[in-house]
Amino acid sequence: MRPRCAVAEGAYVADNLAFMARLPDGVCDLIYADPPFDLRQGDLAAFLAFLRPRLVQMHRLLAAHGSLYVHVDWRSAHYVKVMLDEVFRPEHFLNEIIWHYRSGSRPGRWFARKHDNILVYARHLGRHTFNRLRGGDYRTRDLRVGSDGRPFKSTRNGPLYFHPQGPALPDVWDVPFLSTVSRERTGYAQQKPEALLERVIRASSNEGDLVADFFCGSGTTLAVAQRLGRGCLGCDISPRAVGIARRRLAALGVS
Ligand SMILES: C[S@@+](CC[C@H](N)C(=O)[O-])C[C@H]1O[C@@H](n2cnc3c(N)ncnc32)[C@H](O)[C@@H]1O
């Protein structure tokens with residue numbers, strides 16, 4: 001059973017290090033962390049020093065079946081991977097998800113940088129929650145659909161059946177960036193698309209689980225968790241961000 005949480009679900013204004021320190025061990029089933037972009041772009045050593053104690057807290061807060069997703073980019077991904085290996089141990093590393101998008105500039109002096117890196121660790125490999133997600137098209141041509149709705153291909157040895165919901169998702173995710181006119185936009189500059197968090201939450205939690213985001217920004221993780229029947233807990237140091245997150249949750253019926 002999950003330990004009782006010291007604070008009620010919802011979004012709070014707080015420095016996440018102090019906020020997490022007040023929570024009991026093992027209280028979170030899933031944590032998504034999207035640390036601030038300006039820090040990531042600035043002094044790398046300062047960013048890593050800021051991140052380490054927070055990753056240690058997140059490790060402590062995860063239930064035995066829990067997972068952590070850390071969203072970084074090409075500037076820091078390799079350093080953060082080494083740090084996470086130290087905190088979680090390398091054998092609990094599950095995936096490096098490449099979030100591929102198309103928006104932004106296309107410089108002429110190197111290949112256009114069109115992905116972020118999301119590092120995924122299990123608290124305990126093998127005990128972790130993982131729901132296989134499916135989608136997209138099979139590469140195989142000449143697929144036919146049987147009377148039971150299952151796609152199949154005829155082979156010399158008889159029909160070869162495929163899953164009707166498409167292939168299992170790989171670790172490269174094509175999810176569009178939020179467009180400037182998206183109805184999802186809250187006005188928060190670093191807001192991530194709900195479709196991205198939907199994959200994270202569906203894959204690594206179940207209904208009734210507690211999903212946490214201690215860099216919650218505009219509350220994308222919290223809103224998606226709530227919509228998918230999970231509990232949600234988050235904080236952000238910015239009162240403006242938490243105001244937006246709370247309005248999003250209120251629109252879903254959470255106070
Ligand atoms: C990249 S944004 C998160 C965006 C979020 N995923 C969304 O979809 O809106 C990083 C957030 O970390 C917050 N932050 C920075 N330092 C923090 C700290 N010490 N404690 C809590 N939040 C912090 C920033 O205010 C910012 O909102």
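Some observations on this one:
- Scanning region 149-170 finds one or more residues that are touching a helix residue (DSSP H, G or I) at 6+ places or on another chain (Cβ under 9 Å), of a type outside the set (Phe, Trp, Tyr) and either closer than 30 Å to Gly126 by Cα or away from the ligand (no atom under 13 Å from the Cβ) (or both).
- Single residue of Leu62, Leu68, Leu143, Leu160 found to be in contact (Cβ under 8 Å) with a residue 40 or more places away in the chain and either outside the structural domain of Ala46 (by TED's automatic domain parsing) or touching a Cys at 6+ places or on another chain (Cβ under 6 Å) (or both): Leu62
- Any chance Asp25 is over 20 Å from Phe215 (Cβ atoms), charged (D, E, K, R) and assigned to a helix (DSSP H, G or I): no
- Qualifying positions in region 69-116 - within 16 Å of the ligand (Cβ to nearest atom) and aromatic (Phe, Trp, Tyr): Tyr69, Trp74, Trp99, Tyr101
- For Val181: the one exception among (1) in contact (Cβ under 8 Å) with a residue 12 or more places away in the chain; (2) on the phi < 0 side of the Ramachandran plot; (3) away from the ligand (no atom under 16 Å from the Cβ): (1)
- Criterion (over 20 Å from Asn117 (Cβ atoms) and near the ligand (Cβ under 9 Å from one of its atoms)) met by exactly one of Ala250, Ala212, Ala225, Ala241: Ala241
- Looking only at residues of region 106-151 that are among the charged types (D, E, K, R) and not in a loop (DSSP other than H, G, I, E, B), we find that the one that is nearest to Leu68 (Cα to Cα) is Asp116.
- Condition check for Phe37 on (1) at pLDDT 95 or above; (2) within 12 Å of the ligand (Cβ to nearest atom); (3) within 19 Å of the chain's Cα centre (by Cα); (4) of a type in the set (Phe, Trp, Tyr): one failure, at (1).
- Test result for Arg134, surrounded by 12 or more Cβ atoms within 10 Å (Cβ to Cβ) and at pLDDT below 95: no
- Number of positions in region 165-198 that are acidic (Asp, Glu) and touching a strand residue (DSSP E or B) at 6+ places or on another chain (Cβ under 8 Å): 2
- Restricted to region 182-255, the set of helices (runs of 4 or more DSSP H) holding at least 3 residues that are within 17 Å of the chain's Cα centre (by Cα) and surrounded by fewer than 21 Cβ atoms within 10 Å (Cβ to Cβ) comprises 194-204.
- Checking Gln165 against (1) under 18 Å from the mean Cα position of the chain (by Cα); (2) of a type outside the set (Gly, Ala, Ser); (3) not in a strand (DSSP E or B), the condition it does not meet: (1)
- Among the residues listed as Leu233, Leu210, Leu196, the single one being aliphatic (A, V, I, L, M), under 16 Å from Thr129 (Cα atoms) and either in contact with a Lys or Arg (Cβ under 7 Å, 6 or more places away or on another chain) or in contact (Cβ under 8 Å) with a residue 40 or more places away in the chain (or both): Leu210
The values are calculated or read from the model by the stated rules, or taken from the named source; none is laboratory data. Source: prediction; values computed, not measured. With ideal geometry, Cβ positions are generated from the backbone for all residues, glycine too; neighbour counts draw on all protein chains shown.
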